[in-house]
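Here is the structure we will look at, set down as structure tokens.
Please treat every number below as a calculation from the coordinates, not as lab data. Worth saying up front: this structure is predicted, and the values here are computed from it rather than measured. Don't worry about glycine lacking a Cβ; one is built from the backbone with ideal geometry, like all the others, and counts go over all protein chains shown.
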Amino acid sequence: MKASRIVAIVLAGLTLVVWAKAQPAQTEPQSRARLRENIHTLMLLRMTEALDLSEEQTAKLFPPLTRIEKEKAELQRKAGIEVRDLREALRRDPVREPDILASVKRIRDLRQAIREKDDEFDRVVEANLTPVQKGKYLVFLVDFARGLGEKLNRARQDRGKN
């Protein structure tokens, strides 16, 4: 059963990579949204393997984690818009301080909401794991982030060469 799960995860990962490369060029927001979804899916697949999640645990974890990730993505999108608006407000002459303060408050509120979503994500994971899996989860987060960063850096370097 474990071997078949690993094979399924590897096949799903390969499918994601092939599918992503086969996609036609998209507009920037669509491309970013799709990339975010692919990274989230890859994280869940790798997490399933790294933590040796049971089918029951997977069924309990994936729906709320996917919902939380979508909500977080929307908050990040709004924060990006707010930062863009703040940049514009800072370029105005004269700068209107009340506008700046209002924009700063909105950005801080959105950043706090994003942190709360991260905390909610962690609570859902922690509530459904054994003590050993909780330890593996913390190690997984570090390793996944590091590996993702390395892959993104390589992709940027390859893009620069082309």
Q. Near Val139, within a Cβ-to-Cβ distance under 15 Å, what is the net charge of the other residues, with Lys and Arg +1 and Asp and Glu -1?
A. -1
Q: With no solvent and one equal point scatterer placed on each C-alpha of the stretch 30-85, evaluate the Debye formula and give log10 I(q)/I(0) for q = 0.19, 0.21, 0.24 Å⁻¹, two decimals.
A: -0.73, -0.82, -0.96
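Within 9 Å, Cβ to Cβ, of Ile68, how many net charges do the neighbouring residues add up to if Lys/Arg are +1 and Asp/Glu are -1?
Net local charge, Ile68 excluded: 0.
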Q) Just the Cα atoms of the stretch 65-148, one point each, no solvent: what log10 I(q)/I(0) does Debye give at q = 0.14, 0.23, 0.26 Å⁻¹? A) -0.64, -1.07, -1.19
(Q) Give me the base-10 log of I(q)/I(0) for the stretch 111-162 at each q in 0.29, 0.30 Å⁻¹, Debye formula, one uniform scatterer per Cα, rounded to two decimals. (A) -1.02, -1.03
Q: Sticking with the crude label model, points 7 Å out along Cα→Cβ, report the distance from Ile100 to Arg159 in nm, one decimal please.
A: 3.2
